[in-house]
Amino acid sequence: RKEVEQDPGPFNVPEGATVAFNCTYSNSASQSFFWYRQDCRKEPKLLMSVYSSGNEDGRFTAQLNRASQYISLLIRDSKLSDSATYLCVVSLTDKLIFGTGTRLQVFP
Amino acid sequence: GAGVSQTPSNKVTEKGKYVELRCDPISGHTALYWYRQSLGQGPEFLIYFQGTGAADDSGLPNDRFFAVRPEGSVSTLKIQRTERGDSAVYLCASSREGRTEAFFGQGTRLTVV
């Protein structure tokens, strides 16, 4: 079983739609959680950290459920510029472990 | 620039040759990571340095792969006897310390022919 699992997609959504990505992780000792964004042929960049209480940054909301070992990312009012791959990342003993990524394509 | 710098950006080598990939992290960042990314996959962990020492090298696929960071800043990933399966983008990242935001370089695209 992979340490971090994500649905690879692609998710094809119209502008303005709300879209949610899920991620599960296998090691209950995982300590920190993140969503990274990666554009085609570019390096990953941090989108947001994920906290147990849930956190929001503009149109983006991240949730963590430690009991279920589940992380989610919600994007509201999708923009064309949101088209990218979203990587779920967990930290275990200072090592960042990446999921395969979920590809999002927003169309006009 | 102030970001993570990786050189070369592209490297084509023949099967069986030796290659070195360089990473220059953000100044002051003690943690440095190497990852490998194949098409359609997420970055795969290779090795993590905290200062000069390799804190975790469990991701190195075999003994053909080796990495050093002798002065706690620049790191070099070394691959001996390259194989076609080594072809991938090799990403380096650094962070102020472990478990905090990691900043990635643009990667070295390695092609073994």
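The values are calculated or read from the model by the stated rules, or taken from the named source; none is laboratory data. Quick caveat, the model's predicted, so the values are computed rather than measured. Heads up, the Cβs are rebuilt from the backbone with ideal geometry, glycines too, and the neighbour counts pull from every protein chain shown. Please note that ligands, DNA and RNA were not included when accessible areas were found on the heavy atoms of the full protein model with its side chains. Shrake-Rupley method; radii C 1.70, N 1.55, O 1.52, S 1.80 Å.
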How much accessible area per residue does region B:9-113 have, counting only protein heavy atoms and a probe of 1.4 Å, in square angstrom? 48
Inter-chain Cβ neighbour average for residues A:83-89, partner chain, 10 Å: 1
Per q in 0.23, 0.24 1/Å, what log10 I(q)/I(0) does a Debye calculation on the alpha-carbon atoms of region B:25-105 return? -1.11, -1.19
Cβ-isolated cysteines (cut-off 4.7 Å), chain A: A:Cys40
List the relative contact order of chain A as a percent without decimals, with contacts defined as Cα pairs under 8 Å and 6+ residues apart. 38
18 Å Cα-Cα reach of B:Lys15 towards lysines, excluding residues that sit fewer than 8 places from it in its own chain: B:Lys78
10 Å Cβ neighbours from other chains, averaged over peptide A:91-104: 5
Label-point separation, A:Ser81 to A:Asn55 (7 Å along Cα→Cβ), nm: 2.2
Here, B:Arg109 and B:Ser27, labelled 7 Å along Cα→Cβ, have an inter-label distance in nm of 3.1
To the nearest 10 square angstrom, what accessible area does B:Glu14 show with a 1.4 Å probe? 110
R0 of 25 Å, Cβ-Cβ distance A:Tyr70-A:Gln105: FRET efficiency to nearest 0.05: 0.55
Which residues among region A:68-108 fall inside the zone where the amide N is under 11 Å from a point 7 Å beyond the Cα of B:Asp57, along Cα→Cβ? none
Here are some pairs, A:Lys42/A:Lys79; A:Lys45/B:Lys17; A:Lys2/A:Lys95; A:Lys2/B:Lys11; which of them have Cα atoms lying more than 25 Å apart in this structure? A:Lys45/B:Lys17; A:Lys2/B:Lys11
Mean separation of Cα contacts under 8 Å (6+ apart) over length of region A:25-88, as relative contact order %: 33
7 Å from Cα along Cα→Cβ at both B:Val12 and A:Lys42: what's the point-to-point distance in nm? 2.7
